[in-house]
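Here the structure is laid out as structure tokens; the discussion comes afterwards.
The values are calculated or read from the model by the stated rules, or taken from the named source; none is laboratory data. Predicted model, so just to flag it, every value in this text is computed and none were measured. So basically every Cβ, Gly included, is an ideal-geometry build from the backbone, and we count neighbours across all protein chains shown.
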Amino acid sequence: MIVTVFMVSLRRLLHNRIELVLTFLVPIAFFSIFAIIFGGGVGAGATPKIKVVAVDSIKSDQSRAVMNRLQKTAGLNFVAAKPDAAATSESNEKNLTEAEAKDRVRRGTASIAIVLRNNGGNLAADLLSDTSDQVAPQIVSALVLKAMLSAQGVGIPGKVIGQTPTMATAETTSVNPQESTPTVAPAIALLESLAPKVNIVDVLGGGKANGVVSMYAAGIAVMFLLFGATGGGGVLLEEKENTTLDRLLTTGLTMDQLLLGKWLYLTTLGIVQTTIMFVWGQVAFGIDLLGNLDGFFIMTIVTAGAAAAFGLLLATICRTRGQLNGLSVVVVLTMSALGGSMVPRYVMSQSLQDAGLWTFNAWALDGYDKVFWRDLPPHDLWPQMSVLMVCGAVFLVTARLLAIRWETE
């Protein structure tokens with residue numbers, strides 16, 4: 001009998017396509033997505049370039065040499081100072097001020113603004129950074145320091161130009177910390193005195209109450225909005241299966257009214273769900289919800305509306321609740337992985353970041369990022385609002401067209 005039970009279960013699995021997909025294909029799909037994100041696998045390309053702008057406040061031959069070296073650095077992507085300007089260090093130098101560069105970092109156009117300045121006759125640099133990306137400032141700091149050391153021509157015989165004083169000192173004293181030859185010690189002192197200073201300045205995170213936590217809360221909220229909406233949309237399939245839907249349509253209720261009523265309910269439920277999550281974030285983790293209520297409710301309303309419409313769309317695509325459960329898991333988790341709900345998009349390659357824009361997770365998270373991290377006013381949310389509202393309308397209209405079959409069956 002044990003073998004019989006085993007064979008019955010196996011046959012059931014083989015005849016259930018949804019279960020087969022969830023058992024074998026979904027793990028492979030998500031393994032591939034995260035392997036591409038973190039491992040630089042197929043389609044990921046090289047490490048994504050860091051978007052920077054640069055300001056040369058010195059305009060000396062040395063500072064221009066630094067700018068030219070940075071422009072040739074493979075890991076940096078210089079953003080054009082103006083929409084019609086070529087993305088070169090020269091265009092940044094002529095068209096961008098320090099205040100404008102700081103504003104670009106604040107708005108997310110660039111991750112870091114490199115500002116070259118004079119420090120008591122020596123070359124120095126301030127990196128105006130968006131520290132929500134905790135990796136970029138460290139990478140750019142090393143690249144800028146190397147470029148400035150190379151431009152100054154500072155070095156120690158036998159050492160690589162661009163090595164920091166700390167590295168040089170560590171290597172010199174590693175053999176015998178108690179001994180220092182007369183020829184090396186002055187060279188180290190000279191290097192330390194001439195070494196340029198690179199300061200990382202946080203232009204967004206300073207003084208914020210857990211701004212990064214609010215971004216994680218937004219990512220989780222959007223993902224569970226999608227799961228909640230698809231679960232609520234599944235009620236339509238249950239009503240169809242138990243003939244409740246047929247009885248409702250004979251009462252004079254139209255399909256338009258039914259879908260709009262369901263959409264309004266799911267949207268309201270999503271707004272309440274997200275609000276409760278952020279209220280808890282305010283109480284437990286210090287998220288500044290009260291200081292950003294206008295932007296929060298704008299983004300929450302349009303995101304909940306788009307998610308509700310998406311849930312109804314998936315419900316009208318499927319024929320059974322089982323199909324919906326399987327499809328929703330695959331689609332929602334894929335959208336969440338590519339859209340930034342699971343992994344910050346800045347760690348992804350540029351191709352994956354572009355692919356993420358086809359999910360409304362990415363647009364919703366960008367909107368919450370503007371509200372809680374960048375402190376931008378509500379009128380700056382119009383790109384995200386527009387995309388989410390268009391998505392909601394398209395999903396709802398498509399769901400209505402697919403629901404015609406329920407009226408004709």
Output the residues belonging to segment 286-317 that are among the charged types (D, E, K, R) and in contact with a helix residue (DSSP H, G or I) (Cβ under 6 Å, 6 or more places away or on another chain). 294
Just wondering, is there one or more residues in segment 225-241 that are of a type in the set (Phe, Trp, Tyr) and crowded, with 21+ Cβ neighbours inside 10 Å? no
Segment 280-330, residues that are touching a residue at least 24 places away in the same chain (Cβ under 8 Å) and of a type in the set (Val, Ile, Thr): 287, 298, 300, 301, 302, 303, 316, 317, 320, 329, 330
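When you go through 386, 336 one by one, which is the residue that is in contact (Cβ under 8 Å) with a residue 40 or more places away in the chain and either part of a helix (DSSP H, G or I) or among the small types (Gly, Ala, Ser) (or both)?
336
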Condition first: surrounded by fewer than 20 Cβ atoms within 10 Å (Cβ to Cβ), small (Gly, Ala, Ser) and either farther than 26 Å from residue 131 by Cα or modelled with pLDDT of 70 or more (or both). Now tell me which residues in segment 30-70 satisfy that. 32, 41, 43, 57, 60, 65
Enumeration of residues in segment 346-397 that are over 17 Å from the mean Cα position of the chain (by Cα) and either among the polar types (S, T, N, Q) or more than 27 Å from residue 103 (Cα to Cα) (or both): 386, 389, 390, 391, 392, 393, 394, 395, 396, 397
Could you go through segment 12-29 and let me know if any residue there is over 19 Å from residue 326 (Cβ atoms) and modelled with pLDDT of 80 or more. no
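Based on what the data block shows, is residue 400 farther than 30 Å from residue 103 by Cβ, out of contact with any Phe, Trp or Tyr (no Cβ under 8 Å at 6 or more places or on another chain), charged (D, E, K, R) and in the same structural domain as residue 243 (by TED's automatic domain parsing)?
Spelling it out, residue 400 is indeed farther than 30 Å from residue 103 by Cβ, out of contact with any Phe, Trp or Tyr (no Cβ under 8 Å at 6 or more places or on another chain), charged (D, E, K, R) and in the same structural domain as residue 243 (by TED's automatic domain parsing).
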Condition (residue is surrounded by fewer than 17 Cβ atoms within 10 Å (Cβ to Cβ), more than 21 Å from residue 399 (Cβ to Cβ) and not β-branched (Val, Ile, Thr)) applied to segment 335-351: is it met by at least one residue? yes
